[in-house]
Amino acid sequence: MLPTAPWVFGAATVSPAALPVLVPLGGYGAVGGGVVAAVTLGSGIAVQPRARRLARRSPAAPFRTGMAAVIAGLLAAALTVATGSLVLLLATAVVLGSAHGLLLVSGLQLAESLAGPQNISTVIAVFYSLTYVGFAFPALVQVLGKLWDPVAVLVAGSALAVAALATTLIAWPVRRASRIRS
């Protein structure tokens, strides 16, 4: 939960806060930025029931799926910045918003399962505190994007997301179903 928590709001804020600045919106301006924000957050809300179903199958599944979406979303964000495509911008918003919804639900469910009744509020407060680190991601993309190519910064962010995904694979090794031989 710790390595994936910052990506909850990191994924949710990169597309509406960083990408509209890096991708020319033409005559759409603030309305375009608002549409990107609505698509991102709407996707995050829409995917939450799916996250609950994934968690019933395996507690690791929504974390892994969410981190895979972060990786794909950041790579799509890099491509969006490189091409300036508004269509790709909206697709990226869907992917990053979905990552947000998956990671938020799975993190809260795991926090609830780890905490007893006396500690639930503390554990959830710690989880949310860790998620709030992600609000710095758009600022980091902007600042580092002035020092280096923003495309490279987003690709580097996806590499960090790969490391977070790797932690879920270490914490919850993939178990292969054994075949029954008759």
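The values are calculated or read from the model by the stated rules, or taken from the named source; none is laboratory data. Note that this is a predicted model, so its numbers are computed, not measured. As a convention, Cβ positions derive from the backbone with ideal geometry for all residues, glycine included, and neighbour counts pool all protein chains shown. Quick note on the areas: whole protein, heavy atoms, side chains included, nothing else; ligands and nucleic acids left out. Shrake-Rupley method; radii C 1.70, N 1.55, O 1.52, S 1.80 Å.
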Task: Simple Cβ-charge dipole of the chain, Lys/Arg +1 and Asp/Glu -1, about Cα centre, in debye nearest 20 - done: 940
Open item on the list: Give me log10 I(q)/I(0) at q = 0.12 Å⁻¹ for the chain, Debye formula, one equal scatterer per alpha-carbon, no solvent.
Closed with: -0.55
Open item on the list: Out of the total accessible area of the chain (probe 1.4 Å, heavy atoms of protein only), what percent is carbon and sulfur?
Closed with: 68
Task: Gain in span if fully extended, LYS146 to ALA171, counting 0.36 nm per residue against the direct Cα distance - done: 5.4 nm
TODO: Report ³J(HN,Hα) in whole Hz for each residue of segment 118-129, in order, from the Karplus equation J = 6.51 cos²θ - 1.76 cosθ + 1.60 where θ = phi - 60°; Gly and Pro get x.
DONE: 6, 10, 4, 5, 5, 5, 5, 4, 5, 4, 4, 4
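With a 1.4 Å probe and every protein chain left in place, work out the accessible area per residue of the chain in Å², rounded to a whole number.
Working: 9500 Å² over 182 residues.
Computed with neighbouring chains in place, this is 52 Å² per residue.
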Task: 0 to 90° range, to nearest 10: angle between helix 150-171 axis and the chain longest Cα axis - done: 0
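Listed highest first by mean packing, meaning other Cβ atoms within 10 Å per residue, what order do 96-109, 22-35, 124-137 come in?
96-109, 124-137, 22-35
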Open item on the list: With every protein chain left in place and a probe of 1.4 Å, what is the accessible surface of THR83, to the nearest 10 Å²?
Closed with: 80
Task: Extension gain from LEU90 to TYR128, taking 0.36 nm per residue of separation minus the Cα-Cα distance - done: 11.0 nm
- [ ] Report Rg (one decimal) and Dmax (nearest whole number) for segment 25-92, counting Cα atoms only, units Å.
- [x] 14.4, 46
TODO: Would you kindly find the accessible area of TRP148, with a 1.4 Å probe and non-protein molecules such as ligands, DNA and RNA excluded, rounding to the nearest 10 Å²?
DONE: 150
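Ordered by packing density, taken as the mean number of other Cβ atoms within 10 Å over each peptide's residues, highest first, how do 156-162, 76-82, 51-57 rank? Display every interim value, and only then the final one.
On the way: 156-162: 17.7, 76-82: 22.7, 51-57: 15.1.
Top to bottom by mean Cβ count within 10 Å: 76-82, 156-162, 51-57.
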Open item on the list: Can you tell me the orientation of helix 61-83 relative to the chain, as the angle in degrees between its alpha-carbon axis and the longest Cα principal axis, to the nearest 10?
Closed with: 10
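Given that compact globular proteins tend to follow 2.2 N^0.38 Å, what is the ratio of the alpha-carbon Rg of segment 71-179 to that value?
Numbers: Rg = 17.0 Å, N = 109, 2.2 N^0.38 = 13.1 Å.
Working it through for segment 71-179, the quotient is 1.30.
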